[in-house]
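The values are calculated or read from the model by the stated rules, or taken from the named source; none is laboratory data. Here the structure is a predicted model, which means the values were calculated and not measured. Cβ coordinates were reconstructed from backbone atoms using ideal geometry, including for glycine residues, and neighbour counts include every protein chain displayed. Keep in mind that these areas ignore ligands, DNA and RNA; they rest on the heavy atoms of the full protein, side chains included. Shrake-Rupley method; radii C 1.70, N 1.55, O 1.52, S 1.80 Å.
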2 protein chains.
Amino acid sequence: MERETSPQRWPMDEEDIPADVRTARPGRALLSSSMVGSANRGRVLQTLFDLGPTSRAELARLAGVNRTTISGIVQPLLDQQVLVEGKPIRPSEAGGKPARPLWFSPEARPICGMMLMPDAVQTCLVTLAGTISAEESVRFPAENPTLAEVTRAIEQATKKTLSAAHREPLGIGVAVGGMVDTDRRAVIAVNLAPVMNGFELGDMLTRRFGLPALLDHHPRALLVGDRWFGKGRGMQNFAAVYTGEVLGGALYLGGHLYRGQSGAGGELGHTFVQVDGDLCACGRRGCWETIATVGWLRRQARAIGIDAPDAINSARLVALAGAGVPGAASLLDLYARNVAVGIANLQQTVAPNFYILHGDVVGGGEIMAEAIAGHVRALVPSRSGGEIRFAIGETEDRAALLGAAGLVLSELLQFPL
Amino acid sequence: MERETSPQRWPMDEEDIPADVRTARPGRALLSSSMVGSANRGRVLQTLFDLGPTSRAELARLAGVNRTTISGIVQPLLDQQVLVEGKPIRPSEAGGKPARPLWFSPEARPICGMMLMPDAVQTCLVTLAGTISAEESVRFPAENPTLAEVTRAIEQATKKTLSAAHREPLGIGVAVGGMVDTDRRAVIAVNLAPVMNGFELGDMLTRRFGLPALLDHHPRALLVGDRWFGKGRGMQNFAAVYTGEVLGGALYLGGHLYRGQSGAGGELGHTFVQVDGDLCACGRRGCWETIATVGWLRRQARAIGIDAPDAINSARLVALAGAGVPGAASLLDLYARNVAVGIANLQQTVAPNFYILHGDVVGGGEIMAEAIAGHVRALVPSRSGGEIRFAIGETEDRAALLGAAGLVLSELLQFPL
DNA sequence: AAATGTTTGTGCGAGCCTCATACTAACAAG
DNA sequence: CTTGTTAGTATGAGGCTCGCACAAACATTT
């Protein structure tokens, strides 16, 4: 039963986005009816992401609106093959017409996710349901590649991935292993690859492939990946914390990805936890990064005489501790506490109450996570109604690619009001 | 020329608020046309706060909307005597009809601000233009007053202040010198006054005086005071930092006051800057509070033999340093750095880029502020487009009372979408 | 097999809001 | 006195959600 649909389109039609976003300077601009439409469309889709396949009636109940409103929002999306109706599901014992759950169509336009590392680029397609396909990976040629070589590698991977898409992707999201200017959509600095400093990758991709492109730094990408496709699904407040050779994080506060001006903030690795402490790679002393990265772990492992200290990480440390290797258990505990210190500070500052751990500690599994959680709870004064929860993120490259795609999704769903 | 106005009321009609706020669970609930009205009304008023007296045409230009829209929003507010038209202002050389600036009417309903300290309560009326009147202050009787005595003191001060109001106040905002549960509108804990722990002050005030009442902890009140009546006017991102006997802070991020669950967050004093450092009053070690409060300053002053070390504070320290007292200048510098450490961490974490200093350091004036600013800039890696600015807040009790009133205003203007 | 109750999803008109257009009012400059 | 410019207002159109009524599709009971 085709219903006459109004000419509205959902915000994922790329020509809509820039105009809407621009006119909707938050705090200044006023709202209009058409913006209400876009915003509600975004919210319905967001609820769908959060809950999985859901009927119109259920969506209406949850949103506290009339069923006709949901129908009106959803019908154009069905026409555009963004959504599909699933098989009718049995009504409850009370009877009634079977509900038709709505979910994202496999025919919906995918998102191109990209991970840019100092020595390689990885691309893929991500469906709105969160499945990854058409993965490509191209390493940069030499030791110190030129920007032209880097550009060529990126173009090559992107072109191949995009050619696998059945419909035009909604956009390209890029997770960058370094500092990013999200406004200019440019790389500010990538350690070990200074050639990329100032690289306006966003503009390059838009010019070359005619798609909207968004850049953000790696931890923020992990967070949005968690938010749409992972453990952060449906959450309104949480933080993602990445540990490894470096340390970073991102915040989702009040239902919005938090970005400071041009994407500042989240430089958790370089917050002070030990004034005048050890020298950090950044030149300052006592950064959290000096005590909660695998670099610290290696140094400690060597100091207490653990085998192959250069190959230590959370996974091995947990195994060694489990095997009763002398010193391993206490090192594990100390490492967990060091990680916990920074998380405790974050909790005291913005109190997200939920933390998704990424990077090295993921290898340590539940044991590592529980160790960290225990220390955080001990380090934060208890407060009524403020339970602190922890979760372990996806495996590393999957998390980054989903996250990169999530950047585009965040932009599309978080219609700024 | 009276225009027929629709029966809409601005959000400050108290019976509107609870319903609107409740239905507008962010991230879940959808928007409706009537909510657009409320939201836009709030935004226009917010813009008016930010810019001072402004004509309809100017408001329309800034908001990027039609002039008729502003007229439609503003007319009922004029009818209700929330706003008044000022004297026509001369047009520019180009000519044209003179603009009639709009501003808050002195006849508009005031806000009752309250500051609750361990040993006293202070109340006042605040107009929307930010002037304070009808100040009352009642100290609690004995050393360890009973809750009944505290309640009586609060009622007495409030009653007297409220009786001075020409129109029914919009609500009562309370700044509490302790931990607060903003959801339950209750005091969680006030140092030195354990009798207040668990005190459901918000309900008490609403029951007793029939007005909406909001509680928040002191630093957050300072922040909203700055936002609406002080140096934070018009800002979209900034932080308020209070130093003194204790240390606290609050964040305004993306045009919204940030609160964690039930008002958590902002416990900056108990973030770690020195793992395993000095013992803090909270029982942990190395809290920021151990190195950036006047307690630390007193200990250091005594250690280097400054006169009357127990009476030291930023004001005296600046004076001493100016007078060339040995050790004073370096102590000033060290104190400034200690304060700067925590601010640097905040900057690295959420990057508000603008800090308003409150409490003890205000006494140190520009010299103190510049010393802190210098250290922060040295401690934070520079980043393009990320200048860090500082300002000094209002004098202490004025800031707190304006802030308490600001809590009510924030709730009314920040219509949650 | 028929009747009853329940739930889903869809027209339809009403109400609220903003927008574009056209109009009047009030000023400056020539 | 005319022309140009800006402020504020009246009016009708278009978007959106809402409440109500209705058809469709099921379970349960009689």
Next on the checklist: Between helix B:365-379 and chain B, what is the angle of the helix's C-alpha long axis to the longest principal axis, kept within 0 to 90° and rounded to the nearest 10?
Outcome noted: 80 degrees
Checklist entry - In the full protein assembly as shown, how much of B:Lys160 is accessible to a 1.4 Å probe, in Å² to the nearest 10? => result 120 Å²
Checklist entry - FRET efficiency for A:His166 and A:Ala120, Cβ-Cβ distance as r, R0 = 22 Å, nearest 0.05? => result 0.25
Checklist entry - Where Lys and Arg each count +1 and Asp and Glu each count -1, what net charge lies around B:Gly277 among other residues with Cβ under 13 Å from its Cβ? => result -2
Checklist outcome for this item: Per the 1/(1 + (r/R0)^6) rule, R0 = 25 Å and r from the Cβ atoms of B:Asp278 and A:Asp278, FRET efficiency to 0.05 is 0.85
Item to check | Residue-by-residue Karplus 3J(HN,Hα) for the stretch A:274-280, coefficients 6.51, -1.76, 1.60, Hz, glycine and proline x | outcome: 8, 3, 6, x, 5, 6, 9
Checklist outcome for this item: Scoring only Lys, Arg, Asp and Glu (+1, +1, -1, -1) among other residues with Cβ under 12 Å from the Cβ of A:Gln347 yields +1
Checklist outcome for this item: Taking the alpha-carbon centre of each part, the distance from the stretch B:238-272 to the stretch B:282-332 in Å is 24 Å
Item to check | Distance (nanometres) between label positions extended 7 Å along Cα→Cβ at B:Glu85 and B:Ala378 | outcome: 5.8 nm
Item to check | Exposed GluC sites (Glu not before Pro) absent: longest stretch of chain A, with sites in DSSP loops and at most 11 other Cβ within 10 Å deemed exposed | outcome: A:144-386
Item to check | Residues whose placed amide H lies under 5 Å from that of A:Glu135, excluding near-sequence neighbours | outcome: A:Leu125
Item to check | Amide N proximity, the stretch B:389-414 versus B:Ala311 label position 7 Å along Cα-to-Cβ, cut-off under 15 Å | outcome: none
Item to check | Theoretical ellipticity at 222 nm over chain B - DSSP helices of four or more residues, -39500 (n - 2.57) apiece, nearest 500 | outcome: -12500 deg cm²/dmol
Checklist entry - By how many degrees, 0 to 90 and rounded to 10, does the Cα axis of helix A:147-163 deviate from the longest principal axis of chain A? => result 40 degrees
Checklist outcome for this item: Ignoring ligands and nucleic acids, chains B and A bury, in total, an accessible area (1.4 Å probe) to the nearest 100 Å² of about 5600 Å²
Checklist outcome for this item: Carbon/sulfur accessible area of the protein assembly as shown, % of total, 1.4 Å probe, equals 52 percent
Item to check | 3J(HN,Hα) from dihedral phi, the stretch B:210-217, Karplus parametrisation 6.51/-1.76/1.60, rounded to Hz, x for glycine, proline | outcome: x, 10, x, 10, 10, 10, 7, 7
Next on the checklist: Let's see if you can work this out: charge +1 on each Lys and Arg Cβ, -1 on each Asp and Glu Cβ, no other charges. What is the dipole magnitude of chain B about its Cα centre, in debye to the nearest 20?
Outcome noted: 940 debye
Item to check | Other copies of B:Gly327: label-to-label distances in nm, shortest first, labels 7 Å along the beta-carbon direction | outcome: 4.3
Item to check | Mean separation of Cα contacts under 8 Å (6+ apart) over length of the stretch B:16-104, as relative contact order % | outcome: 25 percent
Checklist outcome for this item: As straight-line cross-link partners of A:Lys160, the qualifying aspartates and glutamates (C-alpha separation under 14 Å, not fewer than 8 residues apart within one chain) are A:Glu135, A:Glu136, A:Glu168
Checklist entry - By its C-alpha gyration tensor, with a ≥ b ≥ c as the square roots of the eigenvalues, how is the protein assembly as shown shaped: rounded for a/c under 1.5, else prolate for a/b larger than b/c, else oblate? => result oblate
Next on the checklist: For the protein assembly as shown, give me the percentage of DSSP beta bridges that are antiparallel, rounded to the nearest 5 percent.
Outcome noted: 60 percent
Checklist entry - Per residue, what accessible area does the protein assembly as shown have, given a 1.4 Å probe and all protein chains present, in Å²? => result 41 Å²
Checklist entry - Relative to the longest principal Cα axis of chain B, at what angle does helix B:67-79 sit, 0 to 90 degrees, rounded to 10? => result 80 degrees
Checklist entry - If you put +1 on each Lys and Arg Cβ and -1 on each Asp and Glu Cβ, how big is the dipole of the stretch B:16-104 around its Cα centre, in Debye rounded to 20? => result 140 debye
Checklist entry - If the cut-off is 17 Å between C-alpha atoms, which aspartates and glutamates fall inside it for A:Lys97, apart from same-chain ones fewer than 8 positions away? => result A:Glu58, A:Glu85
Item to check | Number of partner chain Cβ atoms within 10 Å, mean per residue of A:272-285 | outcome: 4
Checklist entry - With point charges of +1 on the Cβ of Lys and Arg and -1 on the Cβ of Asp and Glu, referenced to the Cα centre of chain B, which listed residue (B:Pro76, B:Gly265, B:Met117) lies farthest in the positive direction of the dipole? => result B:Pro76
Item to check | Dipole moment magnitude, nearest 20 debye, the stretch B:233-393 about Cα centre, only Lys, Arg, Asp, Glu C-beta charged | outcome: 260 debye
Checklist outcome for this item: Scoring chain B by relative contact order with C-alpha pairs under 8 Å, at least six apart, yields a percentage of 16 percent
Checklist entry - Where does each of A:Thr271, A:Thr146, A:Thr127 land when they are ordered by accessible area, with a 1.4 Å probe and the largest first? => result A:Thr146, A:Thr127, A:Thr271
Next on the checklist: Along the charge dipole of the protein assembly as shown, pointing to its positive end and built from +1/-1 on Cβ of Lys, Arg, Asp and Glu, which listed residue (B:Trp296, B:Val318, B:Thr131) has its Cα farthest out?
Outcome noted: B:Thr131
Checklist outcome for this item: Two pseudo-spin positions, 7 Å from Cα along C-beta at A:Glu245 and at B:Ala94, lie apart in nanometres by 5.7 nm
Next on the checklist: If you count only protein heavy atoms and use a 1.4 Å probe, how large is the accessible surface of A:Met179, to the nearest 10 Å²?
Outcome noted: 60 Å²
Checklist outcome for this item: The relative contact order of the stretch A:111-224, taking Cα pairs under 8 Å that sit 6 or more residues apart, comes to a percentage of 25 percent
